[in-house]
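Colleague: Please read through the structure below; I'll follow up with questions.
The numbers here are math on the coordinates, done by the rules we state, and not lab data. From a predicted model like this one, the values you see are computed outputs, not experimental measurements. Cβ sites come from the backbone with ideal geometry, for glycine too, and all protein chains shown count toward neighbours.
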Amino acid sequence: MSKPTIGIALLGLGTVGQGVWKHLADKRSDLETRLGVRLDMRGVAVRNLRRTRSVRLPKQKLTTDSVALIDDPKVDIVIELIGGTTVARKLVLRALRAGKTVITANKALLCDHGPEILAAAQASGGKLLFEGSVGGGIPIIKSLREGLVANRFDLIVGIVNGTSNYILTRMGEDGLDFETALKEARTHGYAEADASLDVDGIDAWHKASILAFLAHGKWAPRARTLVEGIRNVRSADIDFARKFGYTLKHLAVVRRDFKAGWMSVGVYPALVPSDNILAKVSGVNNGITLRGDVVGSTTLAGRGAGGDATASAVLGDLVDAILARTRGGIVDADLHALTRAGKSLRMADEDEIVSPFYLRMTLRDTHGVLAGIYRIFAQHKVSIARVVQYEHPDKGTGTLTLSTYPASERNIAKVVAELSRAKTVLEEPMLLRIFAT
Ligand SMILES: NC(=O)c1ccc[n+]([C@@H]2O[C@H](COP(=O)([O-])OP(=O)(O)OC[C@H]3O[C@@H](n4cnc5c(N)ncnc54)[C@H](OP(=O)(O)O)[C@@H]3O)[C@@H](O)[C@H]2O)c1
């Protein structure tokens, strides 16, 4: 019996696309033997035909016409690695509506248009895979959907942006300031061209939103998600963290209260106890801890981005897609059931999201200044756990750092708003969450 042929179209030949082309070429005959198919790379769509690439491929395989490539009747699987949410959205929807299987690593696209894309996948028989969108080479999505499927997760917490983690690691371990560490991340090619996606928490939010959906069936609206980056972190915060047994990390946190029926999603810099496994995830690596009611806590860690690591995830999806096509089956049936289950879930109110906090503020060093500050905390029912230090770096000003007992997001927001208005507070106070399981 002759082997079935699977036609593949690759959209995008940048960092990840080149990784996919290279490793698919290397592993092609292994995969063909294992899967009992013949792989037919129908073509690769790019924007600029003349651009120099790190991989070699026949000239006639390259095209700028993505639509014609998708519409090729011999193409069964479309791998979207263009990025962005405009062209990629149109192409992904076109491919799904034509009954093709789509593999993508595009977290922004899923986060912004997840319901529309899933609906298109469902209408055409269900064929969407996106392992490369979160955690680079870490099989976090497969773990949630398959290996750990028996669990209900009350906590998912992770370091999901490699650039932020690299910057914080360099600041913490080598004393670099934020700007120098960011420049270095750019030199190494870690930071996105638009660095704000990394350092302002947008990329982490996209990923947190996908994890929340996979665990709970609900896309968290941006307006109900706390999104903070690392731009305002200073050496003083890192020093404080270290002195008191914490490591400063940029976290994505998804919590679920099964009794109360809510979910919360937030991405922000946080003080992580130094004996927590995530505190040890350094450099550009990612690490994600899932706490399930059956398995307990499980942490996956590894290379969170880059052409090779992400290609590994994309090729894993490719194998699943081929198995589904050749042996029958729908690769994303669970996602549609999840969407239905998530309908009754609500986002947590600010009163329900509770943690201890850390605050750093610069004060006008006048008589009675501290008493006035403490009164603001008391008025809003936030108890100070300890005043860590009050230093006088310059004549006439002082820096106060303190930590609080667990308080709600609503109450701490009121404290910060009032502090910002106070005449004795000279700059916007720096607020950090202290991560507690
Ligand atoms: N880089 C990572 O480490 C990483 C990790 C996980 C997920 N991702 C995701 O993977 C996707 C690709 O990222 P990347 O870093 O590989 O991006 P990239 O290096 O910027 O590559 C984008 C590719 O898309 C092509 N392209 C752009 N517009 C096009 C259009 N209108 N038609 C056809 N081709 C077009 C570009 O063509 P030219 O080469 O001709 O300009 C380029 O080859 C993104 O969604 C990203 O978020 C990336």
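Colleague: Could you pull out the residue among A236, A241, A208 that is small (G, A, S), more than 19 Å from L110 (Cβ to Cβ) and crowded, with 20+ Cβ neighbours inside 10 Å? I'd like the intermediate steps shown before the answer.
Modeller: On the way: A236 fails: crowded, with 20+ Cβ neighbours inside 10 Å; A208 fails: more than 19 Å from L110 (Cβ to Cβ).
Being small (G, A, S), more than 19 Å from L110 (Cβ to Cβ) and crowded, with 20+ Cβ neighbours inside 10 Å holds for just one of A236, A241, A208, which is A241.
Colleague: Applying the selection to the stretch 168-211, what residues are among the aromatic types (F, W, Y), outside any loop (DSSP other than H, G, I, E, B) and touching a residue at least 60 places away in the same chain (Cβ under 8 Å)?
Modeller: Selection gives W205 alone.
Colleague: I've got another one for you. Within the stretch 130-138, can one find any residue that is part of a helix (DSSP H, G or I), surrounded by fewer than 19 Cβ atoms within 10 Å (Cβ to Cβ) and within 15 Å of the ligand (Cβ to nearest atom)?
Modeller: Of all residues in the stretch 130-138, those part of a helix (DSSP H, G or I) come to 131-133.
Now restrict to residues that are surrounded by fewer than 19 Cβ atoms within 10 Å (Cβ to Cβ): none.
Taking every residue of the stretch 130-138 in turn, none turns out to be part of a helix (DSSP H, G or I), surrounded by fewer than 19 Cβ atoms within 10 Å (Cβ to Cβ) and within 15 Å of the ligand (Cβ to nearest atom).
Colleague: Quick check on my filter: what residues within the stretch 101-160 are in contact with a Phe, Trp or Tyr (Cβ under 9 Å, 6 or more places away or on another chain) and of a type in the set (D, E, K, R)?
Modeller: K107, R152, D154
Colleague: Let me ask something else. Would you call I330 under 24 Å from L110 (Cα atoms), among the β-branched types (V, I, T) and more than 16 Å from the ligand (Cβ to nearest atom)?
Modeller: So I330 fits the description; yes.
Colleague: Something else about it: Looking at I412, I330, I376, I434, can you tell me which residue is β-branched (V, I, T) and in contact with a helix residue (DSSP H, G or I) (Cβ under 6 Å, 6 or more places away or on another chain)?
Modeller: Every option except I376 fails the conditions.
Colleague: Just name the residue that is surrounded by the most Cβ atoms within 10 Å (Cβ to Cβ) out of those in the stretch 35-55 that are over 12 Å from G17 (Cβ atoms) and of a type in the set (D, E, K, R).
Modeller: R42
Colleague: Collect the residues in the stretch 399-423 that are touching a His at 6+ places or on another chain (Cβ under 7 Å) and buried (at least 21 other Cβ atoms within 10 Å of the Cβ), keeping them in residue-number order.
Modeller: Within the stretch 399-423, just V415 meets the criteria.
Colleague: Still on this model: Out of the residues in the stretch 11-69 that are away from the ligand (no atom under 16 Å from the Cβ) and among the aliphatic types (A, V, I, L, M), state the one that is farthest from the chain's Cα centre (by Cα).
Modeller: The qualifying residue farthest from the chain's Cα centre (by Cα) is V37.
Colleague: Please work out which one of (1) in contact (Cβ under 8 Å) with a residue 40 or more places away in the chain; (2) more than 9 Å from the ligand (Cβ to nearest atom); (3) crowded, with 24+ Cβ neighbours inside 10 Å is the condition G114 fails and give its number.
Modeller: Only one criterion is unmet by G114, namely (3).
Colleague: Moving on. Using the structure shown, decide if L110 is in a helix (DSSP H, G or I) and aliphatic (A, V, I, L, M).
Modeller: Here the answer is yes, as L110 does meet what is asked.
Colleague: Output the residues belonging to the stretch 1-10 that are under 26 Å from the mean Cα position of the chain (by Cα) and more than 16 Å from the ligand (Cβ to nearest atom).
Modeller: Looking only at the stretch 1-10, we keep the residues that are under 26 Å from the mean Cα position of the chain (by Cα), and these are 10.
Selection gives nothing.
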